[in-house]
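Structure, as structure tokens:
The values are calculated or read from the model by the stated rules, or taken from the named source; none is laboratory data. Just so it is clear, the structure is predicted and the values come from calculations on it, not from any experiment. Cβ atoms come from the backbone with ideal geometry, glycine included; neighbour counts cover every protein chain shown. Protein only, heavy atoms only, side chains kept; ligands, DNA and RNA dropped before computing areas. Shrake-Rupley method; radii C 1.70, N 1.55, O 1.52, S 1.80 Å.
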Amino acid sequence: MRAESSAIDRTGIAVSTDVEPPAPAADRSPAPAHRRSGTLQAALGVTAFSLTFPATAWGLTGFGPWSLVTVRCVLAAVVAGGCLLALRVPRPARRHLAGLAVVAAGVVLGFPLLTTLALRTSTTAHAAVVVGLLPLTTALFSALRTGARPSRTFWLAACAGAATVIAFTVRQSGGTLTGADAYLFGALLICAAGYTEGGRLAREMPGWQVIGWALVLCLPLSVPGALVALSYEPARLTAHSVTGLLWVAVGSQFLGLLVWYRGMASIGIPRASQLQLAQPLLTLVWSVLLLGERLTPAAPLTAAAVLVCIALTQRARG
């Protein structure tokens, strides 16, 4: 944009000069590099999330479901709160509190609790159905909450990817439905709301602060909840249970969400959410390596189909 200004020459006559203002620094940064960085961060978040179900299964070998969820919230909040204090981050504005409460209810408490309760009786493969549906549900929540309107190609690719993942994970679990499905689908809805609100807030404040303040907000509930849960569910500390607890607390609940929200803020909620189509397959790989579950021959074909869907959603215009 050219800005027109008036100047006085030496004769005292006003003359018109055209001034070309310098472009803002943000405008000179290449958009493709920004998108690549955001995509990489979102992918790192997906990788961290893919380990959540196997780590939860490890944690359940020494902790009850309620104690595992509450203790992981406390540990993650201590790490996040320590970072906020060390960096002297000011408290969030009042206008951000409602959004942070949604993130806390959906991502910090709701999703971990419901999926942990489900994993008492469900395999990690069956629970991966939730993750397969989460990208599409997050995109729907985003369209309703932020007014995002992805293209038709985007929706077709997203639906195809979700259908592929669902078919694969249901086949992995033998095609049967269990009582844990109510927990899983409840977790799906509440997590999509938390992801959407967190992605929106990450455009106004750093992503790590979004999850950090959400974790701190839960301390009045998670601390007494952990004390009560541990009194009813005594912990049995083993290498697997402690490792699982530490991963879901620090890896999934804090570091994973940190890079995930930064990625969503960079490339948009709908596109970032589609990277999660690969999460069930990664979870199944970890389940084979860490839990000894058997992987069917359909996995490579499903992985190829999902990667095609991800490529299409990343190229589609939003």
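Per-structure values
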item: Evaluation of Ala229 against (1) crowded, with 18+ Cβ neighbours inside 10 Å; (2) more than 18 Å from the chain's Cα centre (by Cα); (3) not in a helix (DSSP H, G or I) (one fails), failing number; result: (3)
item: Matching residues in region 41-67 - criterion: being open to solvent by less than 20 Å² (accessible area, probe 1.4 Å) and within 23 Å of Gln276 (Cβ to Cβ); result: Ala42, Gly45, Val46, Ala48, Phe49, Ser50, Thr52, Phe53, Pro54, Ala55, Thr56, Gly59
item: Residues satisfying the stated conditions in region 68-100, i.e. loosely packed, with under 15 Cβ neighbours inside 10 Å and under 29 Å from Arg145 (Cα atoms); result: Pro90, Arg91, Ala93, Arg94, Arg95, Leu97, Ala98
item: Qualifying residue in region 288-304 (condition: part of a helix (DSSP H, G or I), out of contact with any strand residue (DSSP E or B) (no Cβ under 8 Å at 6 or more places or on another chain) and crowded, with 22+ Cβ neighbours inside 10 Å); result: no
item: Of residues in region 258-279 being β-branched (Val, Ile, Thr) and more than 17 Å from Leu188 (Cβ to Cβ), the one surrounded by the most Cβ atoms within 10 Å (Cβ to Cβ); result: Ile267
item: Which listed residue, of Leu215, Leu219, is surrounded by fewer than 19 Cβ atoms within 10 Å (Cβ to Cβ) and either among the polar types (S, T, N, Q) or touching a residue at least 60 places away in the same chain (Cβ under 8 Å) (or both); result: Leu219
item: Gly99 vs. criteria under 21 Å from Val223 (Cα atoms) and modelled with pLDDT of 90 or more; result: no
item: Test result for Thr124, modelled with pLDDT of 80 or more, within 25 Å of Ser287 (Cα to Cα), touching a helix residue (DSSP H, G or I) at 6+ places or on another chain (Cβ under 8 Å) and β-branched (Val, Ile, Thr); result: yes
item: Any hit, region 150-160, residues being under 27 Å from Thr296 (Cα atoms), part of a helix (DSSP H, G or I) and either open to solvent by less than 40 Å² (accessible area, probe 1.4 Å) or in contact with a Phe, Trp or Tyr (Cβ under 8 Å, 6 or more places away or on another chain) (or both); result: yes
item: Members of region 175-197 found to be open to solvent by less than 10 Å² (accessible area, probe 1.4 Å) and not in a helix (DSSP H, G or I), listed by number; result: Ala180
item: Counted residues, region 263-318 - those being over 17 Å from Phe53 (Cβ atoms), hydroxyl-bearing (Ser, Thr, Tyr) and at pLDDT 80 or above; result: 2
item: Among the candidates Val71, Val103, residue that is closer than 20 Å to Thr243 by Cβ and either without any contact (Cβ under 8 Å) to a residue 24 or more places away in the chain or in a helix (DSSP H, G or I) (or both); result: Val71
item: Residue within region 109-129 that is small (Gly, Ala, Ser) and either under 20 Å from Leu255 (Cβ atoms) or surrounded by fewer than 21 Cβ atoms within 10 Å (Cβ to Cβ) (or both) present; result: yes
